[in-house]
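See structure below.
The values are calculated or read from the model by the stated rules, or taken from the named source; none is laboratory data. What you are looking at is a predicted structure, and each value in this text was computed from that prediction instead of being measured. Using ideal geometry, Cβ is built from the backbone for each residue, glycine included, and neighbour counts are taken over all protein chains shown. Remember, those area values only see protein heavy atoms, side chains included, never the ligands or the DNA or RNA. Shrake-Rupley method; radii C 1.70, N 1.55, O 1.52, S 1.80 Å.
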Amino acid sequence: MRRTMPVVGVLMILLGVLVAGLSMLTYADKGERILAEKRLAGPLSDQERELALGQLRGIEDRERLNISMTVGGTVFAAAGGAVLVSVRRRAAEARRG
C-alpha cells in the first residue's frame, strides 16, 4: 500500500492535466460562435431561425462541457497532488517516530 499511493497520486495528476489540456484544445472557436450570432441577427425565415438557434445552442453546450471538463481535470490533478503531499508527510512522520 505504501508504494501504490504515490503512483496513484502521479497518475491522478497526469490524467487531470491530460483531460484539462484536451478540453482546452478542443474548445469551440470564437469565430464559429460569432458567425452563428451574426447569422441570427440577419433576416431569417422561421425555419432558418430555428436552425441557427439550434447551432448556437450546440456551440454553447460544447463551450459549457469544455469548461466543466477543464475544471474537473484541474481538480483531479490537484487531488493527486494532495495525495502525494499526504504520502510524503506520512513517510516523514514514520521516519521521525
Under 10 Å, Cβ to Cβ, from residue 36 - net charge with Lys/Arg +1 and Asp/Glu -1: +1
Please get the size of the charge dipole for the chain, origin at its Cα centre, with Cβ charges of +1 on Lys and Arg and -1 on Asp and Glu, quoted in debye to the nearest 20. 1060
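Of all the stretches in the chain, which is the longest one without any exposed loop site, taking trypsin sites (Lys or Arg not before Pro) in a DSSP loop (any state but H, G, I, E, B) with at most 10 other Cβ atoms within 10 Å?
Values: sites that count: 2, 3.
It runs 4-97.
So, with a 1.4 angstrom probe, what is the percent of accessible area on the chain that is carbon and sulfur? Before the final figure, lay out the partial values.
On the way: 4690 of 7300 Å².
Looking at the chain in its full context, I get 64 percent from C and S.
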Express the accessible area of the chain per residue in Å², computed with a 1.4 Å probe while the remaining protein chains stay in the model. 75
Go ahead and set up a Gaussian network model of the chain, Cα springs under 10 Å, then flag whichever of 17, 85, 75 fluctuates most. 85
Can you list residues from other chains, or at least 5 along the same chain, whose modelled amide H is less than 5 Å from the amide H of residue 44? none
Are there any helices in the chain, counted as whole DSSP H runs, that stretch 27 Å or more along their axis by Cα and score at least 1.0 on average by Kyte-Doolittle, and if so which? 4-25
With r as the distance between the Cβ atoms of residue 7 and residue 89 and R0 = 22 Å, compute the FRET efficiency 1/(1 + (r/R0)^6) and round to 0.05. 0.80
Can you tell which of 80, 56, 34 lies farthest toward the positive end of the dipole of the range 18-97, using +1 and -1 charges on the Cβ of basic and acidic side chains (Lys, Arg; Asp, Glu)? 80
Mean-square fluctuation check for the chain, GNM, Cα pairs under 10 Å: which of 29, 46, 61 is largest? 46
The chain pair-distance distribution - Cα-Cα, 5 Å bins, rounded %: 2, 13, 15, 12, 11, 9, 9, 7, 6, 5, 4, 3, 2, 1, 1, 0
